[in-house]
1. Select from the range 4-62 the residues that are among the acidic types (Asp, Glu) and loosely packed, with under 12 Cβ neighbours inside 10 Å and list them in ascending order.
2. Any residue at all in the range 33-49 that is in a helix (DSSP H, G or I), on the phi < 0 side of the Ramachandran plot and in contact with a helix residue (DSSP H, G or I) (Cβ under 6 Å, 6 or more places away or on another chain)?
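Just so it is clear, none of the values below were taken in a lab; they were calculated from the coordinates. Every value quoted in this text rests on a predicted model; they were computed, and no experiment measured them. Backbone-built Cβ (ideal geometry, glycine too); neighbour counts: all protein chains shown.
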Amino acid sequence: MMRLLWAFEEVQAAIRQVAKSIDDLYSENQAVNLVPVLTGAMPFCSGLAMELERLTPGKWCI
């Protein structure tokens with residue numbers, strides 16, 4: 001039997017928090033590359049990239 005560990009809203013809130021931290025950390029850089037290493041990381045990276053793009057458009061490359 002499967003059980004839900006985190007609600008969708010909780011995951012989205014965590015992605016927003018991580019994106020804000022990354023945006024603050026790399027605020028001085030003109031461009032930043034995002035490299036998802038594991039195949040399963042792509043859904044997370046995609047949500048993260050969308051949030052980063054919302055915060056600072058045009059800075060993030062995948």
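1. Across the range 4-62, the qualifying residues are Glu9, Glu10, Asp24, Glu28.
2. yes
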